[in-house]
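The values are calculated or read from the model by the stated rules, or taken from the named source; none is laboratory data. Since the structure is predicted, the reported quantities are computational estimates derived from the model, not experimental observations. Every residue, glycine among them, receives a Cβ derived from its backbone with ideal geometry; neighbour counts consider all protein chains shown.
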Amino acid sequence: MPDAMSLPAALIAGWARSAVAPHGGTFGALQAHEIAAPVIQALLKRAGIGPESVNAVVVGNALGAGGNPARLVALAAGLPDHSAAFSIDTQCCSGLDAVSMAVGLIASGQASVVIAGGVEAWSRSPIRQHRPLREGDAAVAYERPAFAPDPARDPDMLASAARYAAAQGWTRTAQDAYAQQTHERALAHQAFLADEIICINGLAHDSYPRRISSALAARMPAVARHGETESEEAESTDCSLSALSISAKADGAGFVLLASPEACRALGLQPKAAWIASVSVGCPPEIPLLAAETAARTVLSRAGLVSADALAVIELHDAFAVQGLSFCKALSIDSLRINRGGGGLARGHPIGASAAVALVRVLAELALEKPSSFGLTAVAGAGGLGASAIIQRL
């Protein structure tokens, strides 16, 4: 292992994830800690260290509705009672922000070995209700909380994406073609992805990716459109979002094992990658999907990289096809360069885990590249939040 003086404060000694299963599917009866615990246990076993070595766990989770999911995850995984447990909710950014915060724990000397990532059991998420103002009134159920105090700045995310697609001229044809491409890559990579996936409930592969013909894509319903009428929907002007171009609700988990250089030496860990830089940013909440672009450009600058050309691996959690298209245009990269094994459109969207799963994908792909290669992951979240990180293979 290189001299610790030449290494970043936090090294990555392992990674693992569950499969991503559609809402109500194979993981439909599992709580978040029941999905996360087997992943963490397998991660420790692969690294060759015991749970007693873990100082803390940091877990991204968006739909748990209070409590401290990280503590449940830690105890369910058999970590010692004295391990600290931090839960992070920045919605879609949660899984990556959790890892960034874990790096901070190590860099500040508060911990030397940390497990971090995200988990979501969307199928078992609590039913949400607003408490009535007056006794005797009924509670009011709601699907999602507010992400900005001003309703005018807090649009439905589907509506926001549809408005952006129409404004930028991203056609349904282009969006669907992007989505088909990511499903095809996910299917082609299925055997390779098996190495990073821990089998839970008999599921050892992402179950959502499927073969989609152009004819089937054309028949899928439009679920959101902006400023269009049926009579105006010529193929060249239709910028609606189809069911194919939106990531599906899902359950899943992804985690990495982080350690200081000193801890790696003491425990005999063989670090495979170094955490080079990360950012968490805020952007206008009216168009949250653009926050991933801002975060990626910011982290490239922070890492001293001139452009995305310096990256060997790029993973974007693409909640919408139009987001992927816009991201590639903003960073001047071909869409074939991102999400080698299929992105969020192909896997599904376990919100608090999505960015952590994308990070696991970066690490798995980076392991195939030459030493010193760089990988980037990026994500945008509700409310106009973005996160991105750059990893380097050792």
Query raised in the report: Out of (1) buried (at least 22 other Cβ atoms within 10 Å of the Cβ); (2) assigned to a helix (DSSP H, G or I); (3) in contact with a helix residue (DSSP H, G or I) (Cβ under 9 Å, 6 or more places away or on another chain), what's the single condition that is false for E34?
Result: (1)
Query raised in the report: Using beta carbons and a limit of 7 Å, which pairs, at least six apart or on different chains, have the first residue in segment 240-266 and free of Cβ contacts under 8 Å to residues at least 40 places away in the same chain and the second one part of a loop (DSSP other than H, G, I, E, B) and not polar (S, T, N, Q)?
Result: A243/M220; A243/P221
**Report entry** Yes/no for S278 being hydroxyl-bearing (S, T, Y), over 17 Å from G375 (Cβ atoms) and surrounded by 20 or more Cβ atoms within 10 Å (Cβ to Cβ)
**Finding:** no
Report task. Could you list all residues from segment 111-130 that are assigned to a strand (DSSP E or B) and either within 22 Å of A387 (Cβ to Cβ) or polar (S, T, N, Q) (or both)? Result -> V114, I115, A116, G117, G118, V119, E120, A121, Q129
Requested in this report: For segment 149-216, please list each of the helices (runs of 4 or more DSSP H) lying entirely inside it that holds at least 1 residues being under 30 Å from G254 (Cα atoms) and of a type in the set (D, E, K, R).
Outcome: 172-188
Report summary line: Among P132, P126, the single one that is surrounded by fewer than 19 Cβ atoms within 10 Å (Cβ to Cβ) and either on the phi > 0 side of the Ramachandran plot or free of Cβ contacts under 8 Å to residues at least 40 places away in the same chain (or both) is P132
Requested in this report: Taking the residues in segment 80-105 that are in contact with an Asp or Glu (Cβ under 8 Å, 6 or more places away or on another chain) and either over 20 Å from G252 (Cβ atoms) or not hydroxyl-bearing (S, T, Y) (or both) as candidates, determine which candidate is surrounded by the most Cβ atoms within 10 Å (Cβ to Cβ).
Outcome: I88
Query raised in the report: Name the residues in segment 244-274 that are over 17 Å from the mean Cα position of the chain (by Cα) and part of a strand (DSSP E or B), would you?
Result: L258, A259, A273, A274
Query - Residue check, E52 part of a helix (DSSP H, G or I) and in contact with a strand residue (DSSP E or B) (Cβ under 8 Å, 6 or more places away or on another chain) - result: no
Requested in this report: Quick one: which residue in S326, S354 is part of a helix (DSSP H, G or I), touching a residue at least 60 places away in the same chain (Cβ under 8 Å), of a type in the set (S, T, Y) and buried (at least 24 other Cβ atoms within 10 Å of the Cβ)?
Outcome: S354
Report task. Output the residues belonging to segment 68-79 that are touching a His at 6+ places or on another chain (Cβ under 7 Å) and either surrounded by fewer than 24 Cβ atoms within 10 Å (Cβ to Cβ) or assigned to a loop (DSSP other than H, G, I, E, B) (or both). Result -> L72, A76
Requested in this report: Report, ordered by the first and then the second residue, all pairs with beta carbons closer than 7 Å, sequence separation of six or more or different chains, a first member in segment 170-191 that is aromatic (F, W, Y), and a second member that is modelled with pLDDT of 95 or more and not in a helix (DSSP H, G or I).
Outcome: W170/C239
Report task. Could you tell me whether any residue of segment 375-393 is surrounded by fewer than 21 Cβ atoms within 10 Å (Cβ to Cβ) and among the aliphatic types (A, V, I, L, M)? Result -> no
**Report entry** Residues satisfying the stated conditions in segment 329-351, i.e. buried (at least 24 other Cβ atoms within 10 Å of the Cβ) and either among the acidic types (D, E) or on the phi > 0 side of the Ramachandran plot (or both)
**Finding:** N339, G342, G348
Requested in this report: Report the residue count in segment 361-385 for those that are touching a residue at least 60 places away in the same chain (Cβ under 8 Å) and farther than 22 Å from S125 by Cβ.
Outcome: 12
Report task. Filter segment 285-332 down to the residues that are among the acidic types (D, E) and farther than 13 Å from A387 by Cβ, then identify the one that is nearest to the chain's Cα centre (by Cα). Result -> D318
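Is it true that some residue in segment 306-323 is at pLDDT below 95, aliphatic (A, V, I, L, M) and not in a helix (DSSP H, G or I)?
The answer is yes; a qualifying residue exists.
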Requested in this report: Examine segment 139-154 for a residue that is crowded, with 20+ Cβ neighbours inside 10 Å, at pLDDT 95 or above and either under 30 Å from P284 (Cα atoms) or among the hydrophobic types (A, V, I, L, M, F, W, C) (or both), and state whether such a residue exists.
Outcome: yes
Requested in this report: Find the residue count for segment 91-150, including only residues that are of a type outside the set (S, T, N, Q) and under 30 Å from P261 (Cβ atoms).
Outcome: 22
